[in-house]
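Reviewing the structure listed below.
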There are 2 protein chains.
Amino acid sequence: MGYEYDVKQVIVVRNDIKMGKGKLAAQVAHAAIAALKMAEERRPEWAKGWLEEGQPKIVVKVRDLDELEDVYARALADDLPAAIVVDRGLTQLEPGTVTCVGIGPAPKDHIDEITGGLKLL
Amino acid sequence: MGYEYDVKQVIVVRNDIKMGKGKLAAQVAHAAIAALKMAEERRPEWAKGWLEEGQPKIVVKVRDLDELEDVYARALADDLPAAIVVDRGLTQLEPGTVTCVGIGPAPKDHIDEITGGLKLL
């Protein structure tokens, strides 16, 4: 539809920690907003196109913290907008628990190189 | 901490429709971003303070669509930033299903007048 990029956002969640579904949703929203803010600063054309296209996003899972940190490091190494969420631990989780990573908005092909193999949560 | 407002965001979810937890989280993130964008346009000082404070947000539930639309209408009537999310229905839901409403960032007391009685999801 005339946009320069076909962009999406992927939020990657640890599957080895227990959170209620409302808590989980809040963590994912936090990651989505933090990654968007990063994109708005560094690649505003990606952010703008994504918002105009209806914010396409998916939520996927990784096994544990190691795998999450690996995904995060690869996103940063690829210079993608990426944000890692650390819970303050006021409820449900231990303080400082890393819960999820938001990647993008960024071009689909570019994100898929990192998250393409991960399953939907 | 020196901010003019003590702000938060509340995302209100229908409890009468079945969504997987990843799908639910994506809908909540969508509502959170849409409401934030509205705040950035109309009350940028609320949006800025909220982002600087670590984006405090909670996810609460209502019984059904009627109750959700009522909450949404009251938020708009109170001139709060508010966004309603309609799913495109590509997966899990019928096209056009209304899933949730994001309210704020806005001053806590102001939002609580509308959502203070709702239970955490």
Evaluate the relative contact order of region B:1-61 (contact order divided by residue number), counting alpha-carbon pairs under 8 angstrom at least 6 apart; express in whole percent. 61
Tilt of helix B:65-77 relative to the longest C-alpha principal axis of chain B, in degrees (0 to 90, nearest 10)? 20
For a quick check: with amide H placed at 1.01 Å from N, whose amide H comes under 5 Å from A:D6's, ignoring anything fewer than 5 positions away on the same chain? A:K108
More than 21 angstrom apart: percent of Cα pairs within region A:55-121: 24
For B:R63 and A:D16, what does the FRET efficiency come to when R0 = 41 Å and r is the distance between their Cβ atoms, rounded to the nearest 0.05? 0.80
Straight-line reach from A:K23: which lysines have a Cα under 16 Å away, not including same-chain ones fewer than 8 places off? A:K61, B:K8, B:K21, B:K23, B:K57, B:K61, B:K119
Using a label point 7 angstrom from Cα along Cα-to-C-beta, what distances in nm, from shortest up, separate A:E45 from the other copies? 3.6
With bins of 10 Å, the percent of all Cα-Cα pairs of chain B per bin from 0 is 15, 48, 29, 7, 1
The answer for B:R43, listing residues at least 5 apart or on another chain whose modeled amide H is closer than 5 Å to its amide H, is none
Apply the Karplus parameterisation 6.51 cos²θ - 1.76 cosθ + 1.60, with θ equal to phi minus 60°, to every residue of region A:40-46 and state each ³J(HN,Hα) to the nearest whole Hz, in sequence, with x for glycine and proline. 4, 7, 9, 9, x, 5, 5
Heavy-atom accessible area of the protein assembly as shown with neighbours in place, 1.4 angstrom probe: carbon+sulfur share in percent works out to 49
Regression test value, accessible area per residue of chain A, probe 1.4 Å, units Å², expected 48
Around B:V98, which amide H atoms from residues at least 5 apart in sequence, or from another chain, sit under 5 Å from its own amide H, with H modelled in the peptide plane? B:D87
Just to check I understand the Karplus step: with θ = phi - 60° and J = 6.51 cos²θ - 1.76 cosθ + 1.60, what whole-Hz values come out for region B:50-62, glycine and proline as x? 5, 5, 6, 8, x, 6, x, 8, 10, 10, 10, 10, 10
If you average the sequence gap of Cα pairs under 8 Å that are 6 or more apart and divide by the length of region A:1-111, what percent do you get for the contact order? 43
Quick one: plug the Kirkwood hydrodynamic radius of the protein assembly as shown (C-alpha pairs) into Stokes-Einstein at 4 °C, 1.567 mPa s, and report D in µm²/s. 72
Under 37 °C and 0.692 mPa s, how fast does region B:33-91 diffuse according to Stokes-Einstein, given a Kirkwood radius computed over C-alpha pairs? Answer in µm²/s, whole number. 252
For the pair B:V86 and A:D78, what calculated FRET efficiency results from E = 1/(1 + (r/R0)^6), where r is the Cβ-Cβ distance and R0 = 30 Å, to the nearest 0.05? 0.35
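The values are calculated or read from the model by the stated rules, or taken from the named source; none is laboratory data. All figures in this text were calculated on a predicted structure; none of them were measured in a lab. Quick reminder, even Gly has a Cβ in these numbers, built from the backbone with ideal geometry, and neighbours come from all protein chains shown. Just so you know, the surface numbers come from the protein's heavy atoms only, side chains and all, with ligands and any DNA or RNA stripped out. Shrake-Rupley method; radii C 1.70, N 1.55, O 1.52, S 1.80 Å.
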